[in-house]
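K.L.:
Pasting in a structure now, in structure tokens, and then I'll have a few things to ask.
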Amino acid sequence: MRYKYTDYHLHTNWSIDIKDDGPSFEDYIQIAELNRINVCFLEHYELRYMDKQFSNPFSNENINNYLEELDILKETYDFILAGLEVDYYAEKEEELREFMDDYSKELDFIAGTVHEWVPFYPITTREKLVELLERKSMKDVITEYFLESQKMVESKIFKNICHIDTIFRYINENDIKPEKDCDTSNKKVLELGRLCIKNNISIEYNLSGLRFPIKRPFPSREVIRILQKEGAKFFIGSDSHSLEYFEEQIPKVKDAYHFIKL
Ligand SMILES: [Zn+2]
Ligand SMILES: [Zn+2]
């Protein structure tokens, strides 16, 4: 890699939640070069959304085109990495393992993630989370999020894990208020972080919370500090879905390196 700093978490129009005319590799590359930062494209790879009806950029084994496009760009730019943010589903572990067998060598960086465990109710979409909360108690939703994340870590399918407490993206005092019986303390987050340490898994310091009412990274600085003392390994990601946001986050990514002393 050419530069000192790396943003490990960028989404282009290869991600299902970005429009076709959204940012491309080249768009990010230009900004990255100007600001002297390495970038890793970490597109959503969600086995549950591969069917035709979802018009997923990765359907029909398009991953091979993704890799090919990036291989060509890498010949010119030595500061880009080909990555994927792969959704973990407990009931699809076998498929996920097969996928990792086939592709982990082809990619520079793969991170596992929990966005949804009840099919088609991603808790990272506010609207879907609200619907889920009509079906389940908030307490159960929080408990289940951490259980699913625990299963992901223990499966050892992934060496890197994204935003370990993203369940609090919308459930927090500034947004959907936690109910009285809900534990929103650091306890479960720390337990999950410690499980990552035990399994030698890198934890993301995800800066995206700064664009939501919670206004803090995932996990919080306080959790990062505690886990760091206990030997956690980290990678830093802005989780950018637009060029404007990426540009704005670059100084924060660099600051985060100093905070973590990577
Ligand atoms: Zn994510
Ligand atoms: Zn992401």
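K.L.:
Determine if the range 80-89 includes at least one residue that is out of contact with any His (no Cβ under 8 Å at 6 or more places or on another chain), in a loop (DSSP other than H, G, I, E, B) and within 16 Å of ligand 1 (Cβ to nearest atom).
P.N.:
Taking every residue of the range 80-89 in turn, at least one turns out to be out of contact with any His (no Cβ under 8 Å at 6 or more places or on another chain), in a loop (DSSP other than H, G, I, E, B) and within 16 Å of ligand 1 (Cβ to nearest atom).
K.L.:
Can you tell me which residue in the range 193-232 is surrounded by the fewest Cβ atoms within 10 Å (Cβ to Cβ), limited to those that are within 18 Å of the chain's Cα centre (by Cα) and among the basic types (Lys, Arg)?
P.N.:
Ranking the qualifying residues of the range 193-232, first place goes to Lys215.
K.L.:
Would you confirm whether any residue within the range 139-148 is within 17 Å of the chain's Cα centre (by Cα), closer than 26 Å to Glu61 by Cα and either surrounded by 15 or more Cβ atoms within 10 Å (Cβ to Cβ) or among the acidic types (Asp, Glu) (or both)?
P.N.:
no
K.L.:
Inside the range 248-262, can you point out the residues that are of a type in the set (Asp, Glu) and either touching a residue at least 40 places away in the same chain (Cβ under 8 Å) or closer than 15 Å to Leu34 by Cα (or both)?
P.N.:
Within the range 248-262, Glu248 is the sole residue that qualifies.
K.L.:
OK, next. Among the listed residues Asn60, Asn38, Asn64, Asn13, which satisfies the condition of being closer than 23 Å to Tyr88 by Cα, more than 15 Å from ligand 2 (Cβ to nearest atom) and either at pLDDT 95 or above or crowded, with 17+ Cβ neighbours inside 10 Å (or both)?
P.N.:
The conditions single out Asn64.
K.L.:
Let me ask something else. Scanning for something surrounded by fewer than 17 Cβ atoms within 10 Å (Cβ to Cβ) and within 12 Å of ligand 2 (Cβ to nearest atom), does the range 67-84 turn up at least one residue?
P.N.:
No.
K.L.:
Return the pair list, or none, for Cβ contacts closer than 7 Å from residues in the range 21-46 that are of a type in the set (Asp, Glu) to residues that are within 16 Å of ligand 2 (Cβ to nearest atom) and not in a helix (DSSP H, G or I), at least 6 apart or on different chains.
P.N.:
Glu43/His11; Glu43/Thr12; Glu43/Trp14; Glu43/Ser15; Glu43/Leu84; Glu43/Glu85; Glu46/Ile16; Glu46/Asp87
K.L.:
Sort through Phe109, Phe158 and tell me the only one that's within 25 Å of Glu43 (Cβ to Cβ), surrounded by 21 or more Cβ atoms within 10 Å (Cβ to Cβ) and either of a type in the set (Gly, Ala, Ser) or within 16 Å of ligand 2 (Cβ to nearest atom) (or both). Let's see the steps before the verdict.
P.N.:
Details: Phe109 fails: surrounded by 21 or more Cβ atoms within 10 Å (Cβ to Cβ).
On inspection, the qualifying residue turns out to be Phe158.
K.L.:
Kindly indicate whether any position in the range 126-149 is in a loop (DSSP other than H, G, I, E, B), at pLDDT 95 or above and under 21 Å from Asn199 (Cα atoms).
P.N.:
Taking the range 126-149 as the starting set, the residues that turn out to be in a loop (DSSP other than H, G, I, E, B) are 136-137.
Pick out the ones that are also at pLDDT 95 or above and you get 136-137.
So of that shortlist, the ones also under 21 Å from Asn199 (Cα atoms) come out as none.
Within the range 126-149, none of the residues are in a loop (DSSP other than H, G, I, E, B), at pLDDT 95 or above and under 21 Å from Asn199 (Cα atoms).
K.L.:
Then there is this: Might you check whether a residue that is in contact with a Cys (Cβ under 8 Å, 6 or more places away or on another chain) and either over 26 Å from Ile260 (Cβ atoms) or acidic (Asp, Glu) (or both) occurs anywhere in the range 173-188?
P.N.:
Looking through the range 173-188, none of the residues is in contact with a Cys (Cβ under 8 Å, 6 or more places away or on another chain) and either over 26 Å from Ile260 (Cβ atoms) or acidic (Asp, Glu) (or both).
K.L.:
Where residues in the range 114-148 are polar (S, T, N, Q) and either in contact with a Gly (Cβ under 9 Å, 6 or more places away or on another chain) or farther than 16 Å from Glu85 by Cβ (or both), which of them is nearest to ligand 2 (Cβ to nearest atom)?
P.N.:
Step one: list which residues in the range 114-148 are polar (S, T, N, Q), which gives 124-125, 137, 143.
Cutting the leftovers down to either in contact with a Gly (Cβ under 9 Å, 6 or more places away or on another chain) or farther than 16 Å from Glu85 by Cβ (or both) gives us 137, 143.
Numbers: Ser137: 27, Thr143: 23 Å.
If we take residues in the range 114-148 being polar (S, T, N, Q) and either in contact with a Gly (Cβ under 9 Å, 6 or more places away or on another chain) or farther than 16 Å from Glu85 by Cβ (or both), then Thr143 is nearest to ligand 2 (Cβ to nearest atom).
K.L.:
Being among the acidic types (Asp, Glu) and either in contact (Cβ under 8 Å) with a residue 40 or more places away in the chain or not in a loop (DSSP other than H, G, I, E, B) (or both) is the filter here, so list the residues in the range 100-125 that pass it.
P.N.:
Of the residues in the range 100-125, the ones among the acidic types (Asp, Glu) are 101-102, 106, 108, 116.
Residues satisfying the conditions are Asp101, Asp102, Asp108, Glu116.
K.L.:
Checking the conditions here, which among Asp7, Asp27, Asp20 is more than 30 Å from Glu94 (Cβ to Cβ) and within 16 Å of ligand 1 (Cβ to nearest atom)?
P.N.:
Asp7
The values are calculated or read from the model by the stated rules, or taken from the named source; none is laboratory data. Values in this document were obtained by computation on a predicted structure and should not be read as measured data. Every residue, glycine among them, receives a Cβ derived from its backbone with ideal geometry; neighbour counts consider all protein chains shown.
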